[in-house]
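No lab work stands behind these numbers, since they all come straight from the coordinates. Everything numeric here is computed off the predicted structure, so don't read it as measured data. Cβ atoms come from the backbone with ideal geometry, glycine included; neighbour counts cover every protein chain shown.
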Amino acid sequence: MSASDLLNSIDKSRLPQHVAVIMDGNGRWAKQHGKARVFGHTNGVNSVRQVSEAAAELGIKYLTLYAFSTENWNRPKFEVEALMLLLVDTINKEIATMMKNNISLKAIGNLDGLPSASRKALEKGIEETSNNTGLSMVLALNYSGREEITTMVKKIAIAVKEEKLQLSEINDDLISTSLYTHDIPDPELLIRTSGEHRVSNFLLWQMAYTEFYFTPVMWPDFGKEQFYLAINDYQNRERRFGKTSEQVK
Ligand code: FPP
């Protein structure tokens, strides 16, 4: 099927509101091309542009990209520095495209733990695109799902200790609104590239009912067509939320 056939077969009235992506395989892709790992990350930026443009054009509201996990600090120093530089460079270069596509930039994660140049570029990008009303592109940076949950538990425990909150007031909604994603709906779809079938500490609370789409395609080869394929696959699934097939029909 061509890209336009794939696009035409998407039902615009049943789109996921929020798609989360684990962008994996940059290093292996670079190796396959006889290059250093950083070459894969640089090419991964093209996929970020294509996927965010495709999501914006379809009318999807949120796209969350796992750009840097807390575990990624353990990579070789050179690679970590290159990723941080790429982040600054990409944000600076892509603001114009985001303005053109009405995309606003957001971020989740322990942002205070980022190098100040990365944080500044991020803050600038968030500020400059804040009035855009189309897609929200959410970068997960220095992000860990377990750390997010631990931080939330501490926040709630302090409120209980200070008697600002009753135990009986703790429920799903309170927990959801105490996370980094407090103003973002849970993702209906998670895409992970490169053939790995893991969640890797990403949006652990938020993915309770998320549909998972795994593809062997490496992230630098994942473009608009691949994104349309994922959305098509999602639309062919039946989401039951614990009910029977008959109940949801
Ligand atoms: C995973 O591939 C990718 C990352 C850890 C970084 C993702 C970063 C980008 C796509 C570029 C920058 C993005 C933005 C939003 C500016 P890997 O290195 O783990 O690949 P491997 O498993 O093949 O080694």
Residue separation between Val199 and Ile158 times 0.36 nm, minus their alpha-carbon distance, gives in nm 11.8 nm
Percent of alpha-carbon pairs separated by more than 25 Å within the chain
46 percent
Between Ile10 and Phe78, take the C-beta separation as r, use R0 = 35 Å, and let me know the FRET efficiency to the nearest 0.05.
0.30
Relative contact order %, the range 5-123, counting alpha carbon pairs below 8 Å whose residues are six or more apart:
25 percent
Anchor Lys120: aspartates and glutamates whose Cα lies under 17 Å away (excluding residues fewer than 8 positions away in-chain):
Glu81, Asp89, Glu94, Asp112, Glu128
Just subtract the alpha-carbon distance of Glu71 and Lys243 from 0.36 nm times their residue separation and send over the number in nm, one decimal.
58.3 nm
Surface/4 of the Cα convex hull for the range 162-239, nm²:
7.2 nm²
So which of Lys77/Lys106; Lys35/Lys124; Lys35/Lys61; Lys93/Lys224; Lys93/Lys154 end up more than 28 Å apart, counting from Cα to Cα?
Lys35/Lys124; Lys35/Lys61; Lys93/Lys154
Note down the relative contact order for the chain as a percent, whole number, built from C-alpha pairs under 8 angstrom at least six residues apart.
29 percent
For the range 1-70, what are Rg and Dmax over the alpha carbons, in angstrom?
14.6, 43
Candidates Met98, Met23, Met152: whichever shows maximal mean-square fluctuation once the chain is modelled as a Gaussian network with Cα springs under 10 Å:
Met152
Taking the range 139-191, how much of its Cα-Cα pair set, in percent, is spaced more than 16 angstrom apart?
49 percent
Rg to Rh, two decimals, where the range 101-170 supplies the alpha carbon set and Rh follows Kirkwood
1.13
Cα-based reach from Lys155 at 20 Å (exclusive), listing lysines while leaving out same-chain residues under 8 positions away
Lys164
